[in-house]
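Visitor: Can you read through this structure? Questions will come right after.
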Amino acid sequence: MTKAAKTIRQIVGDVTLDAALVLGSGLSALGDDLKDKVAIPFSELKGFPSGGVSGHGRDLLIGTMGGKRLAILTGRQHYYEHGNPAAMRPALETLAELGTKTLLLTNSAGSLDRANGPGELMLIGDHINFSGLNPLIGEPTDRRFVNMTGAYDAELRAKSHEIASQLGIALKEGVYIWYSGPSFETPAEIQMAIRLGGDAVGMSTVPEVILARMLGLKVWACSSITNMGAGLSDEQISHEHTKIMAVQGAEKLRKLIPALVEAI
Ligand code: HPA
């Protein structure tokens with residue numbers, strides 16, 4: 001058992017998690033919806049995200065949502081912070097050891113689809129790892145040969161579409177392209193990403209999906225669209241703007257995710 005898993009057990013007792021949720025930039029409001037929660041600072045959990053990006057939280061929350069035991073990481077570690085694509089591995093291994101079967105990932109992203117603009121959601125159906133990086137480089141066992149077909153669980157996607165239509169939330173599904181960041185893309189890179197078949201671009205999530213599939217977790221991921229990709233609109237792209245715009249998507253995710261967790 002990881003050191004962090006032992007620490008968590010010491011604090012919350014013999015908990016078995018059903019699912020875990022990772023919150024992207026500006027999406028921390030989702031943590032407010034967890035009931036009977038205990039907050040553990042990442043700094044007390046060996047291998048959990050250190051440093052941090054503004055707009056992200058720094059706690060692991062454990063509580064209940066929709067009748068399920070849920071852990072929420074109020075922030076994540078990105079490749080661009082330290083140059084390690086496997087930075088989320090200890091946290092994800094810990095959550096898996098504590099029983100997590102399903103990993104729910106959220107992020108803020110730029111849209112490549114003019115019909116799905118800021119304030120909307122995009123359910124991730126597949127991804128393109130444009131960074132060329134991989135969190136499993138250096139993994140010495142055959143576990144590294146992860147099958148990435150159907151990585152985004154088809155049943156969970158179907159359930160989210162059902163729930164979204166019941167709640168009157170528009171939910172497009174598309175392909176997420178991972179750029180390492182932290183600089184935003186150029187307009188030419190955005191044109192390339194469109195030609196490659198992307199629907200949204202962002203700087204996270206993909207390494208977590210690869211790790212989670214190695215760990216045998218079911219994966220669900222959704223982007224909150226905060227801006228159009230560079231050059232597709234006149235708005236100025238910035239991290240400040242991302243954090244402000246994420247609030248609209250967060251409100252939708254706040255309705256969608258509890259219903260999805262209940263249905264897991
Ligand atoms: N590009 C990359 N990451 C992002 C963007 C973007 O336009 N918006 C929010 N995160």
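Visitor: Given the residues Gly24, Gly66, which is the only one that is under 21 Å from Pro258 (Cβ atoms), out of contact with any strand residue (DSSP E or B) (no Cβ under 9 Å at 6 or more places or on another chain) and surrounded by 15 or more Cβ atoms within 10 Å (Cβ to Cβ)?
Guide: Gly66
Visitor: For the stretch 191-212, indicate whether the set of residues that are assigned to a helix (DSSP H, G or I), more than 17 Å from Ile128 (Cα to Cα), out of contact with any strand residue (DSSP E or B) (no Cβ under 6 Å at 6 or more places or on another chain) and more than 16 Å from the ligand (Cβ to nearest atom) is non-empty.
Guide: no
Visitor: Does Trp178 satisfy the criteria of being among the aromatic types (Phe, Trp, Tyr) and more than 10 Å from the ligand (Cβ to nearest atom)? Reasoning before the result, please.
Guide: Working: among the aromatic types (Phe, Trp, Tyr): yes; more than 10 Å from the ligand (Cβ to nearest atom): no.
The answer is no for Trp178.
Visitor: Something else: Sort out which residues of the stretch 101-125 are more than 15 Å from the chain's Cα centre (by Cα) and either of a type outside the set (D, E, K, R) or part of a helix (DSSP H, G or I) (or both), and write them in order of number.
Guide: Passing the criteria: Ser111, Leu112, Ala115, Asn116, Gly117, Pro118, Gly119.
Visitor: Let me ask you something else. Give the residue that is modelled with the lowest pLDDT, with candidates limited to residues of the stretch 99-115 that are open to solvent by 10 Å² or more (accessible area, probe 1.4 Å), within 16 Å of the ligand (Cβ to nearest atom) and in contact with a strand residue (DSSP E or B) (Cβ under 7 Å, 6 or more places away or on another chain).
Guide: Only one residue fits best here, namely Ser108.
Visitor: Conditions first: (1) modelled with pLDDT of 95 or more; (2) hydrophobic (A, V, I, L, M, F, W, C); (3) open to solvent by less than 60 Å² (accessible area, probe 1.4 Å); (4) more than 10 Å from the ligand (Cβ to nearest atom). Ala250 passes all but one, so which condition is the exception?
Guide: (1)
Visitor: What tally of residues in the stretch 87-98 results from selecting those that are touching a Leu at 6+ places or on another chain (Cβ under 7 Å), open to solvent by 10 Å² or more (accessible area, probe 1.4 Å) and part of a loop (DSSP other than H, G, I, E, B)?
Guide: The number of residues fulfilling the criteria is 0.
Visitor: Also: Of the conditions (1) crowded, with 17+ Cβ neighbours inside 10 Å; (2) in contact with a Phe, Trp or Tyr (Cβ under 6 Å, 6 or more places away or on another chain), Pro182 fails just one. Which one is it?
Guide: (1) is the only condition that Pro182 fails.
Visitor: Which of (1) in contact (Cβ under 8 Å) with a residue 40 or more places away in the chain; (2) part of a loop (DSSP other than H, G, I, E, B); (3) farther than 16 Å from Pro85 by Cβ; (4) small (Gly, Ala, Ser) does Gly150 not meet, given it meets every other one?
Guide: (1)
Visitor: Take the residues of the stretch 32-52 that are in contact (Cβ under 8 Å) with a residue 40 or more places away in the chain and surrounded by fewer than 21 Cβ atoms within 10 Å (Cβ to Cβ): which is farthest from Ala250 (Cα to Cα)?
Guide: Lys46
Visitor: Could you grab me the full set of residues in the stretch 226-246 that are touching a strand residue (DSSP E or B) at 6+ places or on another chain (Cβ under 8 Å) and either within 8 Å of the ligand (Cβ to nearest atom) or of a type in the set (Gly, Ala, Ser) (or both)?
Guide: Correct list: Thr226, Asn227, Met228, Gly229, Ala230, Ser233, Ile237, Thr242, Ala246.
Visitor: Quick one: how many residues across the stretch 125-147 are in contact (Cβ under 8 Å) with a residue 24 or more places away in the chain and out of contact with any strand residue (DSSP E or B) (no Cβ under 9 Å at 6 or more places or on another chain)?
Guide: Selection size over the stretch 125-147: 10.
Visitor: Would you check which residues across the stretch 53-74 are touching an Asp or Glu at 6+ places or on another chain (Cβ under 8 Å) and small (Gly, Ala, Ser) and list them?
Guide: Start the filter on the stretch 53-74 by keeping residues that are touching an Asp or Glu at 6+ places or on another chain (Cβ under 8 Å), which leaves 53, 63-70, 74.
Those that are touching an Asp or Glu at 6+ places or on another chain (Cβ under 8 Å) and small (Gly, Ala, Ser): Gly63, Gly66, Gly67.
Visitor: Select from the stretch 124-145 the residues that are open to solvent by less than 70 Å² (accessible area, probe 1.4 Å) and on the phi < 0 side of the Ramachandran plot and list them in ascending order.
Guide: Residues satisfying the conditions are Ile124, Gly125, His127, Ile128, Asn129, Ser131, Leu133, Asn134, Pro135, Leu136, Glu139, Thr141.
Visitor: Do we have any residue at all in the stretch 146-160 that's more than 20 Å from the chain's Cα centre (by Cα) and either more than 30 Å from Gln236 (Cβ to Cβ) or open to solvent by 60 Å² or more (accessible area, probe 1.4 Å) (or both)? Steps first, please.
Guide: Taking the stretch 146-160 as the starting set, the residues that turn out to be more than 20 Å from the chain's Cα centre (by Cα) are none.
Looking for residues that are more than 20 Å from the chain's Cα centre (by Cα) and either more than 30 Å from Gln236 (Cβ to Cβ) or open to solvent by 60 Å² or more (accessible area, probe 1.4 Å) (or both), one finds none in the stretch 146-160, hence no.
The values are calculated or read from the model by the stated rules, or taken from the named source; none is laboratory data. What you are looking at is a predicted structure, and each value in this text was computed from that prediction instead of being measured. Quick reminder, even Gly has a Cβ in these numbers, built from the backbone with ideal geometry, and neighbours come from all protein chains shown. Protein only, heavy atoms only, side chains kept; ligands, DNA and RNA dropped before computing areas. Shrake-Rupley method; radii C 1.70, N 1.55, O 1.52, S 1.80 Å.
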